[in-house]
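Everything on this sheet refers to the single structure shown next.
The values are calculated or read from the model by the stated rules, or taken from the named source; none is laboratory data. Since the structure is predicted, the reported quantities are computational estimates derived from the model, not experimental observations. Cβ coordinates were reconstructed from backbone atoms using ideal geometry, including for glycine residues, and neighbour counts include every protein chain displayed. To get the accessible areas, we keep the full protein, side chains included, count just its heavy atoms, and leave off ligands, DNA and RNA. Shrake-Rupley method; radii C 1.70, N 1.55, O 1.52, S 1.80 Å.
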Amino acid sequence: RPVGALNRYHKELDVSRLAGGADALKVLIETYAGHGPTPSRKPYVLPGADPIPPAPPVQRTFEGLWLAEWNEQTYQLWLDATTVRGLANALPDDSLRRIRLEKALMDVTALVDPEADRETFDKAVPAARLVLAALLTDRNGPTMPEMFCFGHAHLDVAWLWPLAQTFRKTGATFSTALSLMKQYPEYRFLQSQAQLYEYARRHYPDIFDGIRRAVRRGQWIPDGAMWVEPDTNIAGGEALIRQFLYGKRFFREQFGIDSEVCWLPDVFGYNGNLPQIMLGCGVKYFSTAKIFWNLYGGTTFPYETFIWEGIDGSEILAHFHRNYNAETHPEVIAGRWSDCVHKDGTDKFLLPFGYGDGGGGPTRDHLEYLRREGDLEGLPRTRQCSPREFFAELEKSAPPTDRYVGELYYEFHRGTYTSQARTKRGNRKGEFALREAEMWSASAAILRGRKVPRERLEKAWKSLLLNQFHDILPGSSIGRVYEEAEALYEEILAECGEIASTARRAVAPGRGGWTVW
């Protein structure tokens, strides 16, 4: 059973918690070797050149693990000291608060000698923590911005790995989150994609049961409203509606949650009729980070919080949070306010924290920093809550007056309308084939009393929606992802063709010559 992950960010696993008092513990280590080099930032590819270098004989080398004794008090002192150091760095050089913070750090170095013997070192740690504790209890005045924080593990359904690896990423990421919730009752964690929950339900039922219990406790946040986090420029309007239909239905049936937040942190731009579709599907709020990522210059979006007006006049409350893989150490918390482009527009900000893109999520460090920060003098206030709570408070206390009309165009990711043309063609053919299958099935039901094959149609729709994920349909994944996507389109077309043909024969028996586009 998955109990956690070890990777470049999650470097240790507390086996004493897993053993439950047993004298021995069996550990199975599962690793992923990769599928060759995955360059993701080539400026151009010349005609005839191979954009992907050949895979070397060995892609990954396992160099072993170490069983170590964990010194919790020293870990806590390290966190105290790095919090004080980070806070000092975020303050002006001549700030009295900074001067006192730096003096306290100097006093700690006089108390704790890292070269001393273990007994002497351990005795010095509590005294050093007392020196810093006095400064970590100082509180802010009334005029400080507020960061609404929650754990997050953006997990691309496919990108530099195929779908088969996503199953395992889901197990590792979700089990890590559940483990941290046992240690930190205040921890709140968001996972937005219904497809990933379905993977967990199918492959890791124990983890899925744990998620349900965490949802009831209020620690796990199942919100996002869509089946996956899809491309919204190439996908058709009906497909976007189905993303909401199947996503919201899953959250409601599995967790009793009516999802109202459209959470698309990494999608490559947002079409101008999305507010209309959102409102029609019962979704009131929208958030992304991507529009601010003008990495090589370009237009800086003018607001963090605003009313997004669609091309038909529909209005959605929107907030851009800048980074869906955020750290929580003091310099990041302070920097979020410093980077704000519209400081008189709002004093409340979303801060999703934790490692992502490939999943993983937060570590203990993220949560320990937040415990120290809370209302720490010199930093914006922090508290853990859900995006929905954030938007509800915005509506109540600080509703925005700024407005943006039409498409939210993302300037950085170019070429997403033209790369992987076969995949894009398969998507559109799949959308048309599903329309035909549903139209003829509905006609046969009305005219001939024939039962609509709902389960088959829903399975085909979910396969299409999966392929609309924002690193599949736009064309930014590795080659194997597209081989699998094109095979899935063939299955969708075959299934829809058979459903439509059967329904047509029921409507007009004996007629021939039917043609499907």
- Note on the structure: Quick calc of log₁₀ I(q)/I(0), the stretch 314-413, Debye, one scatterer on every Cα, no solvent, q values 0.17, 0.21 1/Å, result -0.93, -1.29
- Helix 237-255 versus the longest principal axis of the chain: what angle, 0 to 90°, nearest 10, using Cα atoms? 60 degrees
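Can you compute the charge dipole magnitude of the stretch 247-334 about its Cα centre, using +1 on each Lys and Arg Cβ and -1 on each Asp and Glu Cβ, nothing else charged? Give it in debye, rounded to the nearest 20.
Numbers: 6 positive and 10 negative charges, 39 e Å.
Roughly 180 debye, rounded to the nearest 20.
How much of the DSSP bridge set in the chain is antiparallel, in percent, rounded to the nearest 5?
Numbers: 10 of 38 bridges.
Taking every DSSP beta bridge within the chain, about 25 percent pair in antiparallel fashion.
Pairs Lys284/Lys429; Lys248/Lys284; Lys169/Lys424: which exceed 22 Å Cα-Cα? Mind dumping the intermediate values first?
Working: Lys284/Lys429 31 Å; Lys248/Lys284 13 Å; Lys169/Lys424 26 Å.
Beyond 22 Å between Cα atoms: Lys284/Lys429; Lys169/Lys424.
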- Could you state, as a whole-number percent, how many of the C-alpha pairs of the stretch 423-488 are farther apart than 18 Å? 43 percent
- Set Lys and Arg Cβ to +1 and Asp and Glu Cβ to -1, take the dipole of the stretch 1-98 about its Cα centre, and tell me which of Thr31, Trp70, Ser95 lies farthest positive. Thr31
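May I ask you to derive the FRET efficiency for Asp312 and Arg1 from their Cβ-Cβ distance with R0 = 51 Å, giving the value to the nearest 0.05? It would help to have the intermediate numbers written out before the result.
On the way: r = 49 Å, r/R0 = 0.96.
My answer for the efficiency is 0.55.
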- Grab every C-alpha pair in the chain, bin the distances at 10 angstrom width from 0 up to the longest one, and report whole percents. 3, 16, 25, 25, 17, 8, 3, 1, 0, 0
- Sticking with the crude label model, points 7 Å out along Cα→Cβ, report the distance from Val45 to Ser338 in nm, one decimal please. 3.9 nm
- Message: Testing the spin-label approximation: label points 7 Å from Cα along Cα→Cβ at Ala442 and Tyr32. State their distance in nm.
- Response: 3.9 nm
- Note on the structure: Simple SL model, points at 7 angstrom along Cα→Cβ for Glu238 and Arg100; separation in nm is 6.6 nm
- Message: Which one, Leu132, Pro162, Cys149, is farthest towards the positive end of the dipole of the stretch 130-190 when Lys and Arg carry +1 and Asp and Glu -1 on their Cβ?
- Response: Pro162
- Message: Compute the distance from the alpha-carbon center of the stretch 261-279 to that of the stretch 181-227, in whole Å.
- Response: 23 Å
- Within the stretch 155-179, the residues whose backbone N lies under 18 Å from a label point placed 7 Å from the Cα of Phe62 along the Cα-to-Cβ direction are 165, 168-169, 172
- Task: About the Cα centre of the chain, how large is the charge dipole given +1 on each Lys and Arg Cβ and -1 on each Asp and Glu Cβ? Please answer in debye to the nearest 20.
- Result: 1940 debye
- Note on the structure: Note, Phe469: beta-carbon cut-off 9 Å, +1 each Lys/Arg, -1 each Asp/Glu, net -4
- Task: Calculate how steeply helix 387-397 sits against the longest principal axis of the alpha-carbon atoms of the chain, using the helix alpha-carbon long axis, and give the answer as 0 to 90 degrees to the nearest 10.
- Result: 80 degrees
- Task: Using a Förster distance of 41 angstrom, determine the FRET efficiency expected from the C-beta separation of Ile52 and Lys459, and round it to 0.05.
- Result: 0.80
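Of the peptides 172-180, 365-373, 10-18, 408-416, how do they stack up when ordered by the mean number of other Cβ atoms within 10 Å, highest first? Don't skip to the end; give the middle numbers.
Numbers: 172-180: 24.8, 365-373: 21.1, 10-18: 12.9, 408-416: 15.4.
In descending order of packing, they fall as 172-180, 365-373, 408-416, 10-18.
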- Item | Cβ-derived FRET efficiency at R0 35 Å, Leu18 paired with Asp107, nearest 0.05 | 0.35
- Arranged from highest to lowest average of other beta-carbon atoms within 10 Å per residue, in what order do the peptides 98-107, 492-501 appear? 492-501, 98-107
- Using unit Cβ charges (K, R positive; D, E negative) and no other charged atoms, how large, in debye to the nearest 20, is the dipole of the stretch 1-130 about its Cα centre? 620 debye
- Query: If you take all C-alpha pairs in the stretch 209-356, what percent of them are over 27 Å apart?
  - Reply: 26 percent
- Message: Keeping every protein chain present and rolling a 1.4 Å probe, give me the accessible area per residue for the chain in Å².
- Response: 49 Å²
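Taking every DSSP beta bridge that has both residues in the stretch 233-363, what percent is antiparallel when rounded to the nearest 5?
On the way: 6 of 15 bridges.
The antiparallel proportion sits near 40 percent.
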- Note on the structure: Rounded to the nearest 10, the angle in degrees between the Cα long axis of helix 194-203 and the longest principal axis of the Cα atoms of the chain comes to 90 degrees
- Task: Could you sort 448-461, 419-432, 377-390 so that the peptide with the highest average Cβ count within 10 Å comes first and the rest follow in order?
- Result: 377-390, 419-432, 448-461
- Rg and Dmax of the stretch 361-517, using alpha carbons, in Å: what are they? 24.3, 81
- Message: Out of the total accessible area of the chain (probe 1.4 Å, heavy atoms of protein only), what percent is carbon and sulfur?
- Response: 53 percent
